[in-house]
Amino acid sequence: MERVETYCAVKTQIEKLFIETTVCCAMHPKSLSIKDYTYYLPEDRIAKYPLPERDASKLLIYNNGKITEDIYKNLDKYLPPHSLLVFNDTKVMEARILFQKPTGGVIEIFCLEPDEQYSDIMEGMMQRSIVFWQCMIGGASKWKHGQVLKKKIKTVLKEVSLEARYVDKKTDSFVIEFLWNDDSLSFAEVLHHAGAIPLPPYIKREADKSDAER
């Protein structure tokens with residue numbers, strides 16, 4: 001009974017959020033607030049892993065002010081004729097790298113995009129030996145400007161030394177210089193060996209191999 005009441009409460013909050021969002025769409029962005037999108041979400045309502053059959057995932061349907069549920073397998077029943085579907089076949093890269101300081105503290109580097117000196121993400125990914133990236137930093141206050149962090153990574157053939165140096169701070173990111181002692185490896189390959197798939201903060205577990213595929 002308690003689980004049913006919790007579900008109904010969450011559903012009611014989501015319905016309210018949808019209605020408010022519909023109204024807010026006509027508002028200026030400056031009038032929107034993040035608190036308008038905050039609602040209670042119980043831990044047991046958060047899926048830790050995707051379903052084995054992805055098209056069995058729940059589908060939330062909003063139509064003329066009414067919210068109902070179905071599964072993605074039945075999506076075609078709700079689409080009007082001549083609808084345009086855009087399929088996203090991209091994959092999340094292993095953009096989260098953890099470095100341990102000599103003192104034992106952990107610095108988390110989350111790679112966002114190549115530095116502006118590169119024309120696009122592909123050029124940044126194909127750099128060898130050295131590359132500059134704009135990143136978010138977990139524990140940035142513990143990382144001094146110019147300080148070098150080191151990490152050993154294992155590839156199929158050998159062990160490679162990866163270094164990260166704090167170069168600059170921008171408005172919403174940090175510029176980090178990455179160096180590694182194997183010019184046969186591109187930065188994309190370095191990330192594959194050294195990084196982890198970033199998970200949403202509400203999923204309380206470490207990423208594993210299945211996350212790279214799904």
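The values are calculated or read from the model by the stated rules, or taken from the named source; none is laboratory data. The shown structure was predicted, so the numbers you read here are calculated from the model rather than taken from an experiment. Virtual Cβ from ideal backbone geometry, glycine too; neighbours counted across all protein chains shown.
Restricting ALA140, ALA188 to residues that are farther than 20 Å from MET93 by Cβ and of a type in the set (A, V, I, L, M) narrows the list to ALA140. Could you grab me the full set of residues in region 36-53 that are over 20 Å from GLU206 (Cα atoms) and exposed (fewer than 11 other Cβ atoms within 10 Å of the Cβ)? Those that are over 20 Å from GLU206 (Cα atoms) and exposed (fewer than 11 other Cβ atoms within 10 Å of the Cβ): THR38, TYR40, GLU53. Scanning region 149-172 for residues that are surrounded by fewer than 13 Cβ atoms within 10 Å (Cβ to Cβ) and among the aliphatic types (A, V, I, L, M) yields VAL156, LEU157.
Scanning region 69-90 for residues that are surrounded by 10 or more Cβ atoms within 10 Å (Cβ to Cβ) and among the basic types (Lys, Arg) returns a single hit, LYS73. Evaluated against (1) of a type in the set (A, V, I, L, M); (2) at pLDDT 90 or above; (3) more than 30 Å from LEU179 (Cβ to Cβ), ILE109 falls short on exactly one condition, (3). Annotation note: Cβ proximity below 9 Å between a residue of region 42-60 that is under 18 Å from LYS77 (Cβ atoms) and not assigned by TED's automatic domain parsing to the domain that holds GLU206 and a residue that is of a type in the set (Phe, Trp, Tyr) and surrounded by 11 or more Cβ atoms within 10 Å (Cβ to Cβ) (sequence gap 6+ or interchain) occurs for ARG54/TYR72; ASP55/TYR72; ALA56/TYR72; SER57/TYR72; LYS58/TYR72; LEU59/TYR72; LEU59/TYR78; LEU60/PHE18. Restricting attention to region 122-147 and to residues that are at pLDDT below 90 and not small (Gly, Ala, Ser), the residue that is surrounded by the fewest Cβ atoms within 10 Å (Cβ to Cβ) turns out to be LYS144. What residue, among those in region 173-187 that are crowded, with 16+ Cβ neighbours inside 10 Å and among the small types (Gly, Ala, Ser), is modelled with the highest pLDDT? The residue in question is SER186.
Can you name the residue in region 18-45 that is more than 19 Å from LEU60 (Cα to Cα) and polar (S, T, N, Q) and is also modelled with the lowest pLDDT among such residues? For region 18-45, the residue satisfying everything is SER31. Restricted to strands (runs of 3 or more DSSP E) entirely inside region 115-214, those with at least 1 residues that are outside the structural domain of PRO52 (by TED's automatic domain parsing) and of a type in the set (S, T, N, Q) are 130-138, 159-169.
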